[in-house]
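Here the structure is laid out as structure tokens; the discussion comes afterwards.
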Amino acid sequence: MIVRIDAEPFVFRLPLGSTALILIDMQKDFLDPGGFGAALGNDVSRLQPAVAACARLLAIFRACKMPVLHTREVHRPDLSDCPVSKRTRGNPALRIGDDGPMGRVLIAGEPGAAIVADCAPAYGERVIDKPGKGAFYNTDLATYLAAHQITTLVFGGVTTEVCVQTTMREANDRGYECLLVEEATESYFPEFKQATLAMIRAQGAIVGWTASLSAVEKSLEHCMSSSTAG
Ligand code: C5J
């Protein structure tokens, strides 16, 4: 069954049986004070609105019994998967792998690398650890999606113009139909968020679609109530 969502630049067709939600990097290291985002000089409070919206998307997809994936931008403790260029770029207060208030920055297993409580993965939901900005680079995401016959991805997460946009472009190039939920993504730079939304849907959805959370909710209402009934 195909559900139609009121989206930009035109209606998004969401096949119920082959769509997954993918939440990008809803990690303490980006959202909380003391992490990587803050070390780069950003005001992390700007990302907070995405938490409630992503939590709502999670509730919708779980109620519809549709697959949910989460990504985390993390590196191995020995940093063997972190290019020197990534670690040494710029002049952050803390570099990847340094000890910070939430443990070693962007290192797998450290407190800061965890997904924030309101968006925490539920049992059975796939978590993709990724060393890059894009979730397809050096991960088994493509294999997982192919094995589960997923053709369509609904996106939320942070930050809009970095890991969300990079992953959406990677997915688009691989033939996935991609929808970004506007309230479920945030940037440290509001103007970058708006520019990214515009870029994605420009030229007849050259990268994908965007839609409001309420439009997604409205279109999936029926499936939520029929999945939870009885
Ligand atoms: C960044 C991300 N901004 N998840 N990562 O470095 O967007």
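Things to note:
- When GLY103, GLY124, GLY109 are checked against the criterion of being away from the ligand (no atom under 16 Å from the Cβ), without any contact (Cβ under 8 Å) to a residue 60 or more places away in the chain, over 16 Å from GLY208 (Cα atoms) and touching a Pro at 6+ places or on another chain (Cβ under 6 Å), a single residue qualifies: GLY103.
- SER45 passes every criterion in (1) of a type in the set (Ser, Thr, Tyr); (2) within 15 Å of the ligand (Cβ to nearest atom); (3) closer than 30 Å to LEU213 by Cα apart from (2).
- Of the criteria (1) at pLDDT 95 or above; (2) more than 15 Å from the ligand (Cβ to nearest atom); (3) among the hydroxyl-bearing types (Ser, Thr, Tyr), which one SER227 fails: (1)
- Yes/no for GLU186 being in contact with a strand residue (DSSP E or B) (Cβ under 6 Å, 6 or more places away or on another chain), of a type in the set (Asp, Glu) and under 22 Å from LEU40 (Cβ atoms): yes
- Test: residue in region 102-110 that is surrounded by 22 or more Cβ atoms within 10 Å (Cβ to Cβ), among the β-branched types (Val, Ile, Thr) and in a loop (DSSP other than H, G, I, E, B): yes
- Inter-residue pairs, beta-carbon under 8 Å, first closer than 17 Å to GLU183 by Cβ and free of Cβ contacts under 8 Å to residues at least 40 places away in the same chain and in region 141-167, second within 12 Å of the ligand (Cβ to nearest atom) and in a strand (DSSP E or B), 6+ apart: THR160/THR185; THR160/GLU186
For every residue, the table says whether it meets (1) under 24 Å from ILE2 (Cβ atoms); (2) surrounded by 14 or more Cβ atoms within 10 Å (Cβ to Cβ).
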| residue | (1), (2) |
| --- | --- |
| TYR176 | yes, yes |
| THR196 | no, yes |
| SER214 | yes, no |
| HIS222 | yes, no |
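The values are calculated or read from the model by the stated rules, or taken from the named source; none is laboratory data. In this text, all values refer to a predicted model and were calculated from it rather than measured experimentally. Cβ sites come from the backbone with ideal geometry, for glycine too, and all protein chains shown count toward neighbours.
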